[in-house]
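Below is one structure; the comments refer to it alone.
The values are calculated or read from the model by the stated rules, or taken from the named source; none is laboratory data. Since the model is a prediction, treat every value here as computed from it, not as a measurement. A quick note on method: Cβ atoms are made from the backbone with ideal geometry, for glycine too, and the neighbour counts reach across all protein chains shown.
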Amino acid sequence: MILIDKMMIFIGGLILIIGVLIGVAFLTLLERKVLGYVQIRKGPNKVGILGILQPFSDAIKLFTKEQTYPSFSNYMSYYFSPIISFVLSLMIWCLIPYYFNLISFNLGMLFFFCCLSLGVYTVMIAGWSSNSNYALLGGLRSVAQTISYEVSLALIIMSGILLVMDFNLLKFYYYQDLIWLIFLMFPISISWFSSSLAETNRTPFDFAEGESELVSGFNVEYSSGGFALIFMAEYSSILFMSLFFCLMFLGGVSVSIIFYLKLAFISFLFIWVRGTLPRYRYDKLMYLAWKSYLPISLNFLMFYIGLKIFFM
């Protein structure tokens, strides 16, 4: 590969990361605005026109605050787990099937699973290394929840892979040229959305950091930059899960205004759910994963195997 190609890939990756970070900034603003109007108040409206610069002022405030370290924390693990979490959530964006000079993944789905599974370790290490009972309990709750919902996510993705018969995400776009997969897979697409809420620790499944009942969960000891990185990793995952939903069920990724509207709508659904639904009970969350979503996704997997064999 000649040098100019490598340079173009590097510049493309850099633009992608900057784009994701700006997207995350404005997703936080959208969330605060929507939640404000849901609760009949204004939301951020002072910094810039209609509060449009609020995320940037928040970022400056967080990254310039003093970093605190608990005296008995395991310093290296404590310091690096938010950074690794953030890097993982950015790495996963390489998966988007681009039509130009970036990376093409033939085994994109497997890479998605790898990044998803590694994200669990950062949460666990963040909770453990703080050396606080509350952080450890929050981390354990989060790990148990994430691992439980990964099982149903994997089975739902396997149903999609069976229909397309390829791990390359670009194939999902080609196969949805005439009909979106949401019409063929409606029940498990709803199950996927609900599981991705649990996977990204969002209301009504935000037991890792249930602000209204716990202090904060696994990130209770983090301040300034460390907290900001955990926060940004979470919102980057939300944005990616929205994109993945569009990719799998809503016609794939295309460079068009319709695609970006679909992406914005699914991201808005994440926020809408937070504004309207109360938090689940923890045992019911686990019951939902193992007694509802797992049998549903397994049954549909068997159904799609039969469908594939029948039409071959």
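Report yes if Phe259 is out of contact with any Cys (no Cβ under 6 Å at 6 or more places or on another chain), buried (at least 22 other Cβ atoms within 10 Å of the Cβ) and not aliphatic (A, V, I, L, M), otherwise no. No, not satisfied. All of (1) crowded, with 19+ Cβ neighbours inside 10 Å; (2) free of Cβ contacts under 8 Å to residues at least 60 places away in the same chain hold for Phe265 with one exception: (1). Looking across Phe227, Phe249, one residue alone is surrounded by fewer than 22 Cβ atoms within 10 Å (Cβ to Cβ), in contact (Cβ under 8 Å) with a residue 12 or more places away in the chain and in contact with a helix residue (DSSP H, G or I) (Cβ under 7 Å, 6 or more places away or on another chain). It is Phe227. Where helices (runs of 4 or more DSSP H) sit wholly within region 219-312, those with at least 1 residues that are on the phi > 0 side of the Ramachandran plot occupy 224-249.
With respect to the stated conditions, Leu110 is assigned to a helix (DSSP H, G or I), out of contact with any His (no Cβ under 9 Å at 6 or more places or on another chain) and over 18 Å from Gly226 (Cβ atoms).
Inside region 11-39, residues that are touching a residue at least 12 places away in the same chain (Cβ under 8 Å) and of a type in the set (Phe, Trp, Tyr) make up a count of 1. Every test in (1) free of Cβ contacts under 8 Å to residues at least 60 places away in the same chain; (2) over 25 Å from Phe218 (Cα atoms); (3) aromatic (Phe, Trp, Tyr) is passed by Tyr121 save one, and that test is (2). Tally up the residues in region 158-173 that are assigned to a helix (DSSP H, G or I) and under 19 Å from Leu307 (Cβ atoms), please. So the answer is 9. Screening Ser216 against (1) in contact with an Asp or Glu (Cβ under 7 Å, 6 or more places away or on another chain); (2) at positive phi; (3) surrounded by fewer than 22 Cβ atoms within 10 Å (Cβ to Cβ) leaves a single unmet condition, (2).
Among the residues making up region 70-93, those that are in a loop (DSSP other than H, G, I, E, B) and surrounded by 14 or more Cβ atoms within 10 Å (Cβ to Cβ) are Pro70, Ser73, Asn74. Mind checking which residues of region 120-147 are crowded, with 20+ Cβ neighbours inside 10 Å, outside any loop (DSSP other than H, G, I, E, B) and of a type outside the set (A, V, I, L, M, F, W, C)? Matches in region 120-147: Thr122, Gly127, Ser129, Gly138, Gly139, Arg141, Ser142, Gln145, Thr146. All told, Leu155 falls short of being farther than 22 Å from Tyr78 by Cα and outside any helix (DSSP H, G or I).
If you go through region 277-293 and keep only what is surrounded by 15 or more Cβ atoms within 10 Å (Cβ to Cβ), of a type outside the set (D, E, K, R) and under 11 Å from Pro204 (Cβ atoms), you end up with Tyr280, Leu285, Leu288. Per this entry, Ser77 is not counted among residues that are touching a residue at least 24 places away in the same chain (Cβ under 8 Å) and within 16 Å of Ser223 (Cβ to Cβ). Within this structure, Ile188 fails the test of being outside any loop (DSSP other than H, G, I, E, B), among the β-branched types (Val, Ile, Thr), under 29 Å from Ile60 (Cβ atoms) and modelled with pLDDT of 90 or more.
Report whether or not Ile40 is exposed (fewer than 14 other Cβ atoms within 10 Å of the Cβ) and on the phi > 0 side of the Ramachandran plot. Against the criterion (exposed (fewer than 14 other Cβ atoms within 10 Å of the Cβ) and on the phi > 0 side of the Ramachandran plot), Ile40 qualifies.
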